[in-house]
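Colleague: What follows is a structure written as C-alpha cells; I'll ask about it next.
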Amino acid sequence: MAIAEPKPQISLLPVAATPARSGAFPSGQAIAAAASEMEVPSPRQIVAANKRRIQNDPTGEGSMVLNMGPHHPSTHGVLRLAVELAGETVLQLAPEVGFLHTGIEKTMESKSYQKAVVLTDRTDYLGPMINNLSYALAVEKLLDCEIPPRAQVARVLFSELTRLNSYLVWLGTHALDLAAMSVFLYCFREREYLLDIFELVSGARMMTSYIRPGGLAYDLPAEFKPTVQRFLDIMPSHIDEYEALLTENPIWKERTIGVGKISAADALAVGLTGANLRATGVAYDVRKLFPYSGYENYDFKLVTGTQGDTYDRYLVRMAEMRESVKIAQQALNNLPDGPYATSDRKIWPPSKEEITYSMESLIHHFKLWTEGFKPPVGDAYVAVESGRGELGCYVVSDGSNKPWRVHFRAPSFINLQGLPHMAKGQIFSDLIAMIASLDPVLGEVDR
Amino acid sequence: MALTNAGVLQTLQTRFGAGILGTSEFRGDLALTLDPQALIPVALFLREAPELQYILLSSVTGVDYYGREPRFEVVYHFTSLEHAHHVVLKVGANEADPHIPSLAPMFPTANYQEREIYDMFGIIFDGHPDLQRILMPDEWDGFPQRKDQPLVYEEVAFTFNHDAIDAQKPYADK
C-alpha cells in the first residue's frame, strides 16, 4: 500500500513569528470570565449532586453515579473517575487520584542532591530523561554552574528522544482505546528501539537517571552516534505509517473530531499546558518561550491547532513528533567533543586518573561521594517542556547537602483538572478518547 | 514591551505598597512576599492588568520552614506568555493557625494544588470549594510533608494481619 502524504490541517508557525505577538494569547479578562464558570468537582461533590438530583426526581431515574476505575484498562493507570450519568450522557465527573502516591517529594528531602536524581525517573515513568533534566536544571540554577556544550547538546537530544518515547506510548494506547490494535503494536516496536538507545547510554531502559546536576552520568559510548542515526533515518517513515492508518481514517475522525473540545481561555484557566494547550491555538511551548539547554539554537516549528478537540491534539502531537526528529537530528549533527560534565570540582568529582596524582582531587572525590555539594540558600523554579506539558521543578535549599524541599509541577496532575470541563455533556464512550488524549501518567499525578 | 523585574516591582509597589512585605531577587527571579490579605488582589491584578498579562498560574506549592515563623510558606509562580516573564508570590502562614485565602474560585488550576498543599502541610485555604485530602488516604492522621512528621516504617497490611495493624493506628480509638 502506498503511504499517503499526510495533509496537516494545523498551522506551522515559522520560528521568527513565535515570540510574543500581541493578540495571540487570550486576555486576562477572558480567562477570568472563563474561570468564573468553571468547576473542578471532587468525588464527594458528585455524590452530593447525585443525591440532590434523585431527591428532586420522584422516578429516581434522574442520574446515576458510575465508578470508572481505579482498575479499568482505559484509565491509563490507577485513576478512578466518579461519573454522574444521565443515560449515556456525562452530567459531570470528578477524577480521584492518589492510589500511586509514594511520597517521592518527601523522600527526596532525605537524600543528598545527587542521590535524589533516581527518584525523578519514577514520577513520569514515560519521560525519565526530561524529569532528570528538570531537576538537574533547578539544582544547577541554585548552584549557578556552567554546563559544557557536549552535555547541553546531549540533553536536548535525549529530551527529544524521550518526548518521542512518550508520544509513542500516548499514540499506541490512544489508538488501542479506540480499537485500532495495529497502531499500538507499531508504536511499541519503535519504542523498543528508543529503549535500546537509553539502555546503551545509561544501562537502564526506563529508570535512566542519566542527566544529573552538573552534566551527564557517563560519557556517550562510541556506537551512540550510528545507533541514533539509524533510528532517526527510519522514524519519519514510521510516522507516515501511523498517519496513513489514522489521520484520514473515517472511524478515527468520527471518534475524535469535536470530542473533548476546550477553548483557549478555558484551557489556560484550568492550567492545561503542552500539546493539550497548543491544540487550542495558544502558542506556548517552554522550549520557545523560556529556552533552556540551548533550545534557542535549534530550528523547529511551534505547532498549534485551532479547534482544541481530540483530533487537533492528535494532529499537534503527530506534527511535534516530526519536529522532535528534526531537533534530534540537528543535535546529533552538532554533537561536540569535550567534557560531558562541569569542571567545577565542588560539584562534579574528578576522573580516576586525576585522583592518582592529585591530593586535592582525592579530597574532592571523597567529599563529593560522602557528603555531596551544598548549594547556597535560596529557591529556584525551572520549567521544561515534557511530553505532557510544562514540567516545573521547585527546589529550596537551606545551604545543607540535602534539598530542603523539592516540588514537581506535574503537568499530568494539573491537566487532569481539565477533564471534568471537557467531558460535561458528552457521551460516555467519548470519555475514553478524552482521557487518552489528555495523556496523564498516573505515576506523575500521584508522585 | 518586555517586562523587567524592576518594572514589575515598581508597578506592584505603587499599587499595593502596604501589601508587599518583602521582595527578593535570586538568580534572576523576582519574588514578592505578600500579606495574606493582599494575595487575591495582587493575583487578579497580575492576570488582568493589560500591561502585565500573567495569564498562566503555573504552579502553587507549599514549603515548611520548620523552626521559623511564619512556619509555612505558599509559593505561587505566575507566567506571562505575552512577555515571557515569571513572577513569584510568597505568602506566609503561622504554625498555630495556618490560614491563607484560596485562589481556587478565581484560578481553577489552583484547586488540586491547594488540596495537595492542605494534604501535605495542613494549610487551610479559606474559600476553597471543597478542601479535602487528595493524595493521602482520608483517614490518615497528620500531614506527611511537615518536617516534624516522624519517618516510620509502616507494616504492610495483608488479610491475616490487617486487623492487628488497624488496632494500632492513631484513629483506632476514635
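Values in this text are rule-based calculations from the coordinates and carry no lab data. Note that the structure is a prediction, hence the values are computed from the model and not measured. Using ideal geometry, Cβ is built from the backbone for each residue, glycine included, and neighbour counts are taken over all protein chains shown.
Colleague: Counting pairs of alpha carbon atoms under 8 Å apart in space and at least six apart in sequence, what relative contact order in percent does segment B:1-115 give?
Modeller: Relative CO of segment B:1-115 lands at 23 percent.
Colleague: Using only Cα atoms and rounding to the nearest 10 degrees, what angle (0 to 90) does helix A:43-56 make with the longest principal axis of chain A?
Modeller: So the inclination is approximately 0 degrees.
Colleague: Over the residues of segment B:31-91, compute the C-alpha Rg and express it relative to 2.2 N^0.38 Å. Spell out each step's value before the answer.
Modeller: Values: Rg = 12.4 Å, N = 61, 2.2 N^0.38 = 10.5 Å.
Dividing the Cα radius of gyration by 2.2 N^0.38 Å gives 1.18.
Colleague: For a test of the definition: using alpha carbon positions, the gyration tensor, and the 1.5 limit on a/c, classify segment A:202-326 as rounded, prolate or oblate.
Modeller: Judged from the Cα gyration tensor, segment A:202-326 comes out oblate (a/c at least 1.5, b/c at or above a/b).
Colleague: Take the Cβ-Cβ distance between A:LYS352 and A:GLU199 as r, set R0 to 22 Å, and report the resulting FRET efficiency rounded to the nearest 0.05.
Modeller: Efficiency for this residue pair is about 0.40.
Colleague: Give the Rg/Rh ratio for segment A:154-230, taking Rg as the radius of gyration of the Cα atoms and Rh as the Kirkwood radius, to two decimals. Numbers along the way, then the final one.
Modeller: Details: Rg = 13.9 Å, Rh = 13.4 Å.
Radius of gyration relative to Kirkwood radius: 1.04.
Colleague: Taking θ = phi - 60°, what integer Hz values does the Karplus form 6.51 cos²θ - 1.76 cosθ + 1.60 yield along segment B:44-58, in sequence order, with x for Gly and Pro?
Modeller: For segment B:44-58, the Karplus curve yields 5, 5, 4, 6, 9, 5, x, 7, 9, 6, 7, 7, 10, 7, 5 Hz.
Colleague: On the first, second and third principal axes, largest extent first, how far apart are the outermost C-alpha atoms of the protein assembly as shown in Å?
Modeller: Here the spans come out as 87, 70, 65 Å, largest first.
Colleague: Eigenvalues of the Cα gyration tensor times 5, then square-rooted: what semi-axes does that give for segment B:74-123, in whole angstrom, largest first?
Modeller: Values for segment B:74-123, descending: 23, 13, 9 Å.
Colleague: For segment A:216-225, just list the computed ³J(HN,Hα) in residue order, Karplus coefficients 6.51, -1.76 and 1.60, θ = phi - 60°, integers in Hz, with x standing in for Gly and Pro.
Modeller: Ordered by residue, 3J(HN,Hα) equals 10, 5, 9, 6, 6, x, 4, 7, 4, 4 Hz.
Colleague: Between segment A:170-207 and segment B:102-174, how many Å separate their Cα centres?
Modeller: Cα centroid of segment A:170-207 versus Cα centroid of segment B:102-174: 35 Å apart.
Colleague: Right, another one. Semi-axes of the equivalent ellipsoid of segment A:349-447: what are they in whole Å, largest first, if each equals the square root of 5 times a C-alpha gyration tensor eigenvalue?
Modeller: Numbers: eigenvalues 415, 48, 17 Å².
With the √(5λ) rule applied to segment A:349-447, the semi-axes are 46, 15, 9 Å.
Colleague: Amide H neighbours of A:GLY69 under 5 Å, counting only residues 5+ apart in sequence or on other chains, H built in-plane at 1.01 Å?
Modeller: A:LEU81
Colleague: Over the residues of segment B:56-174, compute the C-alpha Rg and express it relative to 2.2 N^0.38 Å.
Modeller: Cα Rg divided by the expected 2.2 N^0.38 Å: 1.29.
Colleague: Follow-up. Quick one: what are the phi-derived ³J(HN,Hα) couplings along segment A:122-132, Karplus 6.51/-1.76/1.60 with θ = phi - 60°, whole Hz, x for glycine and proline?
Modeller: Each residue of segment A:122-132 in turn: 8, 6, 8, 6, 9, x, x, 5, 6, 5, 3 Hz.
Colleague: Is it possible to state the helix-based mean residue ellipticity at 222 nm for chain A, with each DSSP H run of 4+ residues giving -39500 (n - 2.57), the sum divided by total residues, to the nearest 500 deg cm²/dmol? What is it? Don't skip to the answer; put the middle values down first.
Modeller: Working: 19 runs with 214 residues, N = 447.
Rounded to the nearest 500, it is -14500 deg cm²/dmol.
Colleague: Another question, then. Which of rounded, prolate or oblate describes segment A:56-203 when judged by the alpha-carbon gyration tensor and an a/c cut-off of 1.5?
Modeller: On the way: a/c = 3.27, a/b = 1.75, b/c = 1.87.
Because a/c hits 1.5 or more and a/b fails to exceed b/c, segment A:56-203 counts as oblate.
Colleague: Still on this structure: Averaging sequence separations of C-alpha pairs under 8 Å and six or more residues apart, then dividing by the length of segment A:89-180, give the relative contact order as a whole percent.
Modeller: It rounds to 23 percent for segment A:89-180.
Colleague: Per Stokes-Einstein, at 25 °C and 0.890 mPa s, what whole-number D in µm² s⁻¹ belongs to segment A:119-202, with the Kirkwood radius over Cα pairs as the hydrodynamic radius?
Modeller: Rounded, D is 174 µm²/s.
Colleague: Report, by chain and number, residues whose modeled amide H sits under 5 Å from the one on A:GLY274, excluding near sequence neighbours (fewer than 5 apart, same chain).
Modeller: For A:GLY274, the qualifying residues are A:GLU390.
Colleague: Taking 8 Å as the Cα distance limit and 6 or more residues as the minimum spacing, I'd like the relative contact order of chain A as a percentage.
Modeller: 26 percent
Colleague: Take peptide A:36-42, look around each residue's Cβ out to 10 angstrom, count Cβ atoms belonging to other protein chains, and average those counts.
Modeller: Other-chain Cβ atoms within 10 Å of each residue's Cβ, averaged: 5.
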